[in-house]
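Take a look at the structure set out below.
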Amino acid sequence: MKQLTLAMAVDQCAGFGAQRKLRRREAFLDEMNRLVPWAKLCVVVEPYYPKRGNGRPPIAIERMLRIHFVQHWFNLADLACEEVLYDSLSLSRFVGIDLGSETVPDARTLLKFRHLLEEHKLGERIFAEVGSGVARARLKSGTIVDAIGAPSLTKNREKSRDPEMHQTRKGQQWCVSRTERKLGMLY
């Protein structure tokens, strides 16, 4: 059995865990874990990924992909990503690293993986696959509203009232909002 780190033990404590609020980052990571087709992405990268040989064994493809996505989602450079994976329990758990028994891939390994994706133009294929899957799963119908501060509703070129404009008062300030159109949008 693997030994738990102090942070993991506190997190798993029944009294503390039952009262703990799910943070936005954790909710986002849980949803991305559910929506992203990790197995399909591994199949895309696998033909180009280094094979096990005489040297150090390569890190699992899915783990490297998860780290790559964390870098993009949270706008992290290689070194910053390495550090945040040590600091953030939710991110290290999402990536699948048990900090009690494993180390985080170093910044150079992350750089080499990114260069591998760039060299074989895999980044575009990966993000297109993920983007279409996430969009299909999260597509909702909604209304886009463009709110702007304006003194009145007759500020268009013809000096007449725009039928799509609506005026609202918030405190002492009047605001104008325009309903654009119904369309599918991500929430």
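Looking at this structure, is Val43 surrounded by fewer than 16 Cβ atoms within 10 Å (Cβ to Cβ), within 22 Å of Gly133 (Cβ to Cβ) and among the β-branched types (Val, Ile, Thr)? It is true that Val43 is surrounded by fewer than 16 Cβ atoms within 10 Å (Cβ to Cβ), within 22 Å of Gly133 (Cβ to Cβ) and among the β-branched types (Val, Ile, Thr).
Here Lys40 clears all of (1) out of contact with any helix residue (DSSP H, G or I) (no Cβ under 9 Å at 6 or more places or on another chain); (2) in contact (Cβ under 8 Å) with a residue 60 or more places away in the chain except the condition numbered (1). Looking only at residues in the stretch 98-130 that are in a loop (DSSP other than H, G, I, E, B) and out of contact with any Lys or Arg (no Cβ under 7 Å at 6 or more places or on another chain), which one is surrounded by the fewest Cβ atoms within 10 Å (Cβ to Cβ)? This residue is Lys121. For the stretch 111-123, the condition of being at pLDDT below 85 and either in the same structural domain as Ser88 (by TED's automatic domain parsing) or acidic (Asp, Glu) (or both) holds for none of the residues. Going through Arg25, Arg20 one at a time, which residue ends up being modelled with pLDDT under 90 and either of a type outside the set (A, V, I, L, M, F, W, C) or in contact with a strand residue (DSSP E or B) (Cβ under 8 Å, 6 or more places away or on another chain) (or both)? Only one candidate qualifies: Arg20.
One residue alone among Arg56, Arg66 is more than 19 Å from Lys40 (Cβ to Cβ) and either in the same structural domain as Pro37 (by TED's automatic domain parsing) or in a helix (DSSP H, G or I) (or both), and that residue is Arg56. Under the condition of being within 22 Å of Gly123 (Cα to Cα), under 16 Å from the mean Cα position of the chain (by Cα) and part of a loop (DSSP other than H, G, I, E, B), the residues counted in the stretch 22-53 number 2. Among the residues here, Glu31 does not qualify as in the same structural domain as Leu85 (by TED's automatic domain parsing), surrounded by 15 or more Cβ atoms within 10 Å (Cβ to Cβ) and among the charged types (D, E, K, R).
Taken over the stretch 72-92, the residue count meeting the criterion of being in contact with a Leu (Cβ under 8 Å, 6 or more places away or on another chain) and crowded, with 18+ Cβ neighbours inside 10 Å is 6.
The values are calculated or read from the model by the stated rules, or taken from the named source; none is laboratory data. Since we're looking at a predicted model, the values are computed, not measured. Heads up, the Cβs are rebuilt from the backbone with ideal geometry, glycines too, and the neighbour counts pull from every protein chain shown.
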